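Have a look at the structure below before the remarks.
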Amino acid sequence: MQPHLVFNVKGGHAAGSACHGELSIVLRERLIEALGTDAVKTAAEDLAVYAFDAYTDGGTPSAVVLPASTREVSAIVKIARDCGEPIVARGAGTGLCGGAVPTVGGVILSFTRMNRVLQLDEANRRARVQPGLINLDLSRHVASSGLFYAPDPSSQQISTIGGNIATNAGGPHCLSYGTTVNHVLALEVVDHRGEVFTTNIDDVGYDLTAALVGSEGTLGLVTSAWLRLVTLPQAVRVWIAAFGDVDSASEAVSAIIAAGIVPTALEMMDAVITQAVEAAFHAGYPTDAGAILLVEYAGLEEDADAAEAAIHAIALEHGARSWRSARSKLERETLWAGRKGAAGATGRIAPNYYTQDVCVPRSKLPQALRLVESAAAENGVTVGNVFHAGDGNLHPLLMYDKRDRKQVAAVVETGNAILNCAIDLGGTISGEHGIGWEKRDAMTRVYSTADLAAMGRVRDVFDPARVLNPEKIFPTGSRCPEVAPP
Amino acid sequence: MPRGRAAVSIVQERIRPTSTDSVSEILADSDRSGRKVSIVGGNTLAGMGFPAEGPDTTLETTGLTGVVANEPADLAIAVRAGTPLQSLSTVLAAQGQFLPFDAPQPHSATIGGTLAAGWLGPRRHLYGRIRDYLIGSAIVLADGTIARAGGMVPKNVAGYDMSRLYVGSFGTLGILVQANFKTVPRPPHARLFLAPLPENTRSRAMAQLRALAIPPAGAFWVDGFHKAIDGAAGDEGRIVVLLEGSNALLERATRDLRSALGRAGVPETTVTDAGARESFERVVDAYVACLGERSITYRVYPFADASEECTLRLHEVAQRFKLHAETIADVMNGDVVLRVSDRDARALAARIETFDDAVHEFEPRAQVVAGKNPQRDYLRVWGEAPAAIEQMRALKARFDPNRTLNPGRFVGGI
C-alpha cells in the first residue's frame, strides 16, 4: 500500500520522465508554437497550482497546457509523445485519490477552456458538451427546456463533465438515476497517438463508451460527449428524519430499500457532520440527533403521499425521534445545501479533512459504520460520516491537521483500514471517485492477478506505452504489456 | 481431449459444461489446439449476426444454471449465465423485484445470451439498458483464464468496467459464466391499452404518446403481425401501450392516455389489466419471430422523433420490391422492427439482396435480427461498420489472438 505520507511535492523530472534540460525547452517551444503563449504554463509558481487534487499527495508536472479544441488536444498528445512526456488529463481537480496529479512529471492537460454546451437536442433529450463544462452548468443550461443532467456529485458546482466521466462519478441522485455511465451516450476521444476516434452506445460492436467511462484518463482523452438528459420531475418532496444513533438510522435505510422503496436520494449524516453543517449553513438540521436521514422523493404527486407515509412509518419503526417535511422549494434547497456543503463545513472541526470512498452492501451499513468508528478510534482520528446511504456508499471524513505528520500518518492508516472493512463486508474500495494513485495497491485486495490482467489487456489496446496517466489504477509494479500490440 | 471431460456431457460435437472450471478447461484446450468454439445459450437470437465460421466445438451454456447469491434486501442477485430469463424473473417476482430484460422467448433465452447480444428492450427509455443493471461478472477468456469484475454493490469504480464491455460482444471476447445484477422493485400493477388507428391519426397519436406526463412502460405502433400481437387494426395500424405503477398512478395515467388519444382522433381503446404483461411480451417475441424461410427481419435505430418517418420509408422500399412488410415501431425509444416476407421462400431469396442494398442505402445501420432464408448470410447483417472498428479489432486480437471464440460471428469479421 502507499503511504505517500510526505507533502513534499514530487519533482517533475523524477525517474521515468525522459524530459531533461534541452528536451524540456523543446517541449515548451513546440507547445507554444501549437497553442500560443497563454495556453502553456511552465513557470514554477504556475506548475505548483496543478500539483495536487483533493488527495493528500501530489507531484509537479513539466508543463500545463490549456487546449481550446479537439485539434489542440491532439497536437498536445503528439508533442508530449515526441518529448517522452506522459499526459495527465485534469478537470477541476476535485478527485479524492490523486487521479489528476502527475506522479512522474509529464504534461497536464487542463480542460477548463473547453467548457461549452455544443448542441442541445431537446426532442431526444440529449446534449453534446465539452469536457471542461462544469456539471451544474449543464443542468442550468437545459432547465428552461424542463430537463436536467441527473448525476450530481457534491462537487457539482465546480467539478467538470470530463472529470465526472473519468471517475464514473455518482452523487445523491444516482440512487434512482444511476451513475455517470448510465448517462453517457457517445464520446469523441483523442487516443494515445493523438488520433481522434468516436464511440456511441447505439453503434454495433463492443461497448467502448462503457470501457472509457471510469477509466480515469488511462485509455484516452474525452474531448466531447453526448449526454442523456432527464425530464424534471413534477413533484419533489424532501424529508428529514432524526435518529438517536447511527445504528438505528442505518437499520432504517436497509428497511426502506428492503421494502422495495427506492427514493431518488437517501443520504445520512452523523452527529459530527450535522453539528458542523448546522453551524455553517443553518440548514435547520436537528443538532441533538445522533444521525439524520435526508430523503428525497421525485416523481408524481399521486405517489408522493404514499411514499411519505411508507418511509415515515419505517423511520418511526426504527426509532426516529423527529420527522420534518420541507414545505417549500426554498426549504428543500436549504436542506440540500447543507448536505452538499457538508465536507466543507468540517473546516470548523479541523483544518484538513480526508474523504474515504467505499461501497458496502446496504444491509451491512450498521456493521460498516461500527467498523469505521472503531478504526478511527484506534488511530485517534475524529471521523464524521456523510454519505449516500441508499447505495451503501460510505464517505467517512477524517479530520486532521496536515502540518502534523503523526496526524497524517494516522489518517492514512485509518483510510486504509476502512478499505479493508469494506472488502471484508463484501463491498468495494471505490464507489464513485475511482482508484487513482491512492488506492492502486489496494486493487490486489479485491481482484486476482487474472482479473487485473484482463483489465490490462484493455489498457494494452488503448495505451500500449502507458503514456496516459501512468501509475494510476494498476498496482505498483504492473508491467508493460507482455505482447505489445501493433 | 481436455482433462475433466468426463464431467461434461457430449452430444455429437456439442459440449454442455456444468461448471466454470470445465468451461475454462475446454477453452484452454481448444485455444492451444486451434479448435474453434461457437457458443450457444437458448438459441433465441441466432438470427442476429453471422454464424461462427466452421466451429469444431459448440459449447452450450445451458448447463450453467441457478442462483449463486440472492440478497433481496440489498436489491442484488448473482446468477449463472445459462439460467433462463424466466427462471430469474420468477425468483425476483417472488420477492417483489424485476429486471427489464424484455427479450424474446424468456423461457428459453438465457441471461448470458441476452447480455452477449446486447439486447435492447422496449422499457429502456424508462429503466435504462440491461447493461446498467450488471454490477459484476465472471468471464472465461479464450485462453481459459477466469476473470471477475465488479461485485455485488450498486456503485463500483475499481478499475475498468469489464462487465459492460462483455455486454453486446457476442461471445467474441470471452464466455460469460456469471452475472451479478442490481434489481428494481417491481411495479405492482400493469395495464394494457389496444387501439386501432383510423386514417390520419397515427402521427398525432405517436406524438401524444411521447409527450405523456407519465411515460408508459412501453408503446408501439404495430402494422401487421396480426396473429402474433393482440389488437384490431385500423387504416393506419394499431397501437399497443403498457402502463405500470401503483393504482393511483395508473388511474391518472389512464385518464391522461385516454384524453391524449382522444385529441389524436383515436376513438376506441380497449383497456385490460389481466394478462397485460403477457400481451406486452408477445410484442417483444414478435421482434425476432420468423416465418420459416419466408421472412427476413431487420431492426433499425432512429431517434424517437424520426421513428414514424423511418417506418413509412421502410414500407415504401418493401413495396417497391413487392415484399409483404410488417413493422413494430417503438414509440418511446424510436427503434423499428421490419419483417419482410413472401409466400414463397425462393421468391424472397431472389429479391432480398437488392432489397438489402436499398434498405442500407436509406438506413446504413440496419441490422438483420431474424430469418431462416438461405440467402440471409449474404446480406449486410450488421449494417455499416462502427466508427471505432479499428479499436474493436485490436481488442479482439488482444483478448482472443487465435480467434478461438465465435470467429466471424460479430461485426467487421470479428
Just to confirm my filter: which helices (runs of 4 or more DSSP H) fall fully inside the stretch A:78-194 and include at least 2 residues that are at pLDDT 95 or above and under 29 Å from A:GLY338 (Cα atoms)? A:135-142, A:161-167
Screening A:ASP404, A:ASP441, A:ASP391 for residues that are away from chain B (no Cβ under 14 Å) and more than 26 Å from B:LEU173 (Cβ to Cβ) leaves only A:ASP404
Right, A:ALA252: in contact (Cβ under 8 Å) with a residue 24 or more places away in the chain and more than 23 Å from A:THR167 (Cα to Cα) or not? yes
Just checking, which of B:ASP102, B:ASP74 is of a type in the set (Asp, Glu), within 26 Å of B:VAL284 (Cα to Cα) and touching a residue at least 60 places away in the same chain (Cβ under 8 Å)? B:ASP102
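Residue-wise test of (1) farther than 24 Å from B:ALA329 by Cα; (2) at the interface with another protein chain (Cβ under 7 Å from one of its Cβ atoms); (3) among the hydrophobic types (A, V, I, L, M, F, W, C); (4) part of a strand (DSSP E or B).
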| site | (1), (2), (3), (4) |
| --- | --- |
| B:GLN105 | no, no, no, no |
| B:GLY112 | yes, no, no, no |
| B:GLY136 | yes, no, no, yes |
| B:ASP143 | yes, no, no, no |
| B:VAL153 | yes, yes, yes, no |
| B:GLY159 | yes, yes, no, no |
| B:GLN178 | yes, no, no, yes |
Looking at A:GLY284, A:GLY260 in this structure, which one is within 13 Å of chain B (Cβ to nearest Cβ), at pLDDT below 95 and on the phi > 0 side of the Ramachandran plot? A:GLY260
Restricting to the stretch B:48-69, count the residues that are crowded, with 21+ Cβ neighbours inside 10 Å and assigned to a loop (DSSP other than H, G, I, E, B). 6
Would you point out the residue of the stretch A:155-180, among those that are within 9 Å of the chain's Cα centre (by Cα) and farther than 20 Å from A:ARG113 by Cβ, that is farthest from the other protein chains (Cβ to nearest Cβ)? A:GLY171
Consider the stretch B:293-315. How many of its residues are away from chain A (no Cβ under 14 Å) and over 22 Å from B:GLN375 (Cα atoms)? 3
Under the condition of being at the interface with chain B (Cβ under 7 Å from one of its Cβ atoms) and without any contact (Cβ under 8 Å) to a residue 24 or more places away in the chain, which residue from the stretch A:201-210 is farthest from B:VAL381 (Cα to Cα)? A:LEU208
What residue, of A:GLY384, A:GLY380, is surrounded by fewer than 22 Cβ atoms within 10 Å (Cβ to Cβ) and outside any helix (DSSP H, G or I)? A:GLY380
Just checking, which of A:THR334, A:THR274 is in contact with a Gly (Cβ under 9 Å, 6 or more places away or on another chain), assigned to a helix (DSSP H, G or I), closer than 13 Å to A:PHE243 by Cα and at pLDDT 90 or above? A:THR274
How do the pairs read when you match residues in the stretch A:131-142 that are basic (Lys, Arg) with residues anywhere that are in a helix (DSSP H, G or I) and at pLDDT 95 or above, using Cβ under 8 Å and keeping only pairs 6 or more apart or on different chains? none
Would you please list the contacts, defined by Cβ atoms under 8 Å and residues six or more apart or on different chains, that run from a residue in the stretch B:287-309 that is closer than 28 Å to A:ARG125 by Cβ to a residue that is among the basic types (Lys, Arg) and not in a strand (DSSP E or B)? B:VAL300/B:ARG365; B:TYR301/B:ARG365; B:ALA304/B:ARG210; B:ASP305/B:ARG210; B:GLU308/B:ARG202
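The values are calculated or read from the model by the stated rules, or taken from the named source; none is laboratory data. Every value quoted in this text rests on a predicted model; they were computed, and no experiment measured them. Quick reminder, even Gly has a Cβ in these numbers, built from the backbone with ideal geometry, and neighbours come from all protein chains shown.
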